[in-house]
Amino acid sequence: MDDIFKKQVYELVRMIPKGRVSTYGAIAKAVGYPNHSRHVGKAMGGCPKDVPAHRVISASGVLSVPEFQSRLEAEGITVQNLRIKNFKTLFWDPLKEL
């Protein structure tokens, strides 16, 4: 995974609005690597503090990092059993919304 890929991922994730979530797969697709959701996950693991990594979740609407629940709830997102409630409504698709 190169630095250009990581920078693209970080810039896109910074655009996710508060109170919304996106997925690893949607981010990967938006940066031109549709089958590289795991690479997005790896990039998010070491991202800078100004990147809202808590807003990127799995395609099933489940949190990959349980510690992010409190950050999402602080933004008004309801999480039950590590699953985003109303996930489809809160989903931010960069290909449609940018």
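The values are calculated or read from the model by the stated rules, or taken from the named source; none is laboratory data. Values in this document were obtained by computation on a predicted structure and should not be read as measured data. Here the Cβ positions follow ideal geometry from the backbone for every residue, glycine too, while neighbour counts run over all protein chains shown. For the accessible areas, the whole protein counts, side chains as well, though only heavy atoms, and no ligand, DNA or RNA atoms are used. Shrake-Rupley method; radii C 1.70, N 1.55, O 1.52, S 1.80 Å.
Can you pull out the residues in the stretch 7-41 that are more than 13 Å from ILE57 (Cα to Cα), among the charged types (D, E, K, R) and without any contact (Cβ under 8 Å) to a residue 40 or more places away in the chain? Selection gives LYS7, GLU11, ARG14.
In the stretch 33-47, what residues are open to solvent by 50 Å² or more (accessible area, probe 1.4 Å) and either outside any helix (DSSP H, G or I) or small (Gly, Ala, Ser) (or both)? So that I can check it myself, show each step before the final result.
First pass over the stretch 33-47, keeping only residues open to solvent by 50 Å² or more (accessible area, probe 1.4 Å): 33-36, 38-39, 42, 45-46.
Correct list: TYR33, PRO34, ASN35, HIS36, GLY45, GLY46.
Here VAL21 fulfils each of the conditions (1) open to solvent by 30 Å² or more (accessible area, probe 1.4 Å); (2) within 16 Å of ARG83 (Cβ to Cβ) apart from (1).
Just a yes or no: is a residue in the stretch 90-98 modelled with pLDDT under 95 and part of a loop (DSSP other than H, G, I, E, B)? Within the stretch 90-98, one or more residues are modelled with pLDDT under 95 and part of a loop (DSSP other than H, G, I, E, B).
One residue stands out in the stretch 56-89 among those that are in contact with a helix residue (DSSP H, G or I) (Cβ under 7 Å, 6 or more places away or on another chain) and part of a helix (DSSP H, G or I): the one that is farthest from LYS29 (Cα to Cα), namely ARG71.
Taking the conditions exactly as written (at pLDDT below 95, over 10 Å from the mean Cα position of the chain (by Cα) and either surrounded by fewer than 17 Cβ atoms within 10 Å (Cβ to Cβ) or not polar (S, T, N, Q) (or both)), does ASP2 satisfy them or not?
Details: at pLDDT below 95: yes; over 10 Å from the mean Cα position of the chain (by Cα): yes; either surrounded by fewer than 17 Cβ atoms within 10 Å (Cβ to Cβ) or not polar (S, T, N, Q) (or both): yes.
So ASP2 fits the description; yes.
Is it the case that ALA26 is within 21 Å of GLU97 (Cβ to Cβ), among the hydrophobic types (A, V, I, L, M, F, W, C) and in contact with an Asp or Glu (Cβ under 6 Å, 6 or more places away or on another chain)? Working first, answer last.
Values: within 21 Å of GLU97 (Cβ to Cβ): yes; among the hydrophobic types (A, V, I, L, M, F, W, C): yes; in contact with an Asp or Glu (Cβ under 6 Å, 6 or more places away or on another chain): yes.
Judged against the criteria, ALA26 is a match.
For the stretch 48-98, which positions are in contact (Cβ under 8 Å) with a residue 40 or more places away in the chain and either among the aromatic types (Phe, Trp, Tyr) or open to solvent by 90 Å² or more (accessible area, probe 1.4 Å) (or both)? Residues satisfying the conditions are PHE87, PHE91, TRP92, LEU95, LEU98. Taking ARG55, is it among the charged types (D, E, K, R) and in contact with a Ser or Thr (Cβ under 7 Å, 6 or more places away or on another chain)? In short, yes.
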